[in-house]
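For reference, the structure discussed in these notes is given below.
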Amino acid sequence: MNQTTPETPICLPKVALVGRPNVGKSTLLNRLCGSRIAIVEPTAGVTRDRVSVPARLDNPDGPRWIEVVDTGGVGIVDRDDLGKDVESQVSAALDSAELVLFLLDARDGLTPLDHRVAQLLRGVSVPVIVVANKCEHEDSGWEARGFHALGVGETILNISAQNGNGMSALIELLWERFPEAPAQRPVSPEDSMLLAIVGRRNAGKSTLTNFLAEEERMIVSEIPGTTRDAVDVRFQRDGTNFVVIDTAGVRKKSKHADAIEFFGESRSRRTVRRAKVVVLLFDVTQPLSAIEKTLARYATLHYKPVVLAANKWDLVEDRAPEEFRKYLDAQLPGLSRAPIAFLSAKEGEGARELLDLALELHVQAEQRVSTGELNRVLAKALESRGPSARGQRARLKYATQAGVHPPTFVLFVNDRKLIGKDHLRYIENRIRTAFPFPEVPVRIVLRDKNDPPEEQSNRK
């Protein structure tokens, strides 16, 4: 078994999924990974960037891990004219792959685009397996036999990625193909610094992701809405494992062009929930819109640390950073404590500082404080407040830190109705002053004798 440390990420064998548009590559990725990672939609050409995800291959002799790379369809013709960019991403996937799965549609049979893909694959130096997808019925195999005419591939496997038919044979083939693949789980996003980059369309999210990863992982275009999936990009800096999630740009719901944009935005929101730190990226040459404000509220609602990333700052000539900070505080009042990074994603200026800020927030959100000191600080905080209008005073019975990310504190008091919003904000500020949480959200949960017994048991 491979021995690794947190500073040494496991290198997984890469398997590239290649084919023309709409043959089921994203469905197969989701099936192999056991999760709905890639957007699946009947429209051809949904996938554009490389979507790379670890997959576990189960076997009675033990599991093995590989990395599956979904690619855009070769020969894609879409409304944004990004076919060449998509095929550049396909070529990059082939360059790094140790095995290629060439997907074909058994329902449609051979098409001119399939011949084009076959010609491309004749030039690769790694093995190719032909996978005839959409074989939901026994007679589908007859059509698949015609795929031998392509003259590529060691063998042909008939599967249905949607229904799971033939998947056991494919998994067994992959398991046998990689005897040196690690049996242990690779560094997961939960064990890494998970950084979500969100913002409106064309704010520079993919450009920033490429610079941080030091490779062209994402298609960059002047066309708004180029990125559709939420794509995990893994890299390492100074011994820290990062997973940066580039997301589809957000725009007003009334302007969604199709289901692809709707699902892309939905996954952007899920990415915020997954993240340990959120980077809210915006173009400083444009005024903040309702989109940035909505994303800010969503991150705040889920207690996520946020770095405000002011992109294209190099184009600003008549504005001081202090003045711009005041503007942000007025527009995004819920993020007045969030640090700001001034950068040019295109040139890479400020990107390193942004990573440092994100790491700093991550460290803050992971901090734990001693129960004794917490109770001393909060007891004083409650005693210093005057009695309520009814002449009663809130008293702390016990307090404990229940979790991190976000730092969560459970306070057992005599009557939580005596603690209003202003009082709660005062307690939060006292926690921030006394403990190392100056820039991250803090969650406070109040408990009293009127709570159900199962909730009161949290005190133990």
Next item on the list: Using the structure shown, decide if N450 is at pLDDT 90 or above and outside the structural domain of P339 (by TED's automatic domain parsing).
Entry: no
Notebook entry, point to check: Restricting attention to region 198-244, which residues are part of a strand (DSSP E or B) and either surrounded by fewer than 22 Cβ atoms within 10 Å (Cβ to Cβ) or modelled with pLDDT of 80 or more (or both)?
Noted result: V198, R200, D232, R234, F235, Q236, R237, T240, N241, F242, V243, V244
Notebook entry, point to check: What pairs come up if the first residue lies in region 305-318 and is over 24 Å from L359 (Cα atoms), the second is among the β-branched types (V, I, T) and in a loop (DSSP other than H, G, I, E, B), and their beta carbons are under 8 Å apart, counting only those six or more places apart or on different chains?
Noted result: L315/V284; L315/T285; V316/V284; V316/T285
Notebook entry, point to check: Can we say E353 is surrounded by 14 or more Cβ atoms within 10 Å (Cβ to Cβ), within 21 Å of A275 (Cα to Cα) and without any contact (Cβ under 8 Å) to a residue 24 or more places away in the chain?
Noted result: yes
Margin query: Any residue that is within 30 Å of A290 (Cβ to Cβ) and modelled with pLDDT under 85 - is there at least one of those in region 375-382?
Written below: no
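The values are calculated or read from the model by the stated rules, or taken from the named source; none is laboratory data. Everything numeric in this text was worked out from a predicted model, so none of it was measured. Glycine gets a Cβ as well: all are built from the backbone with ideal geometry, and neighbour counts include every protein chain shown.
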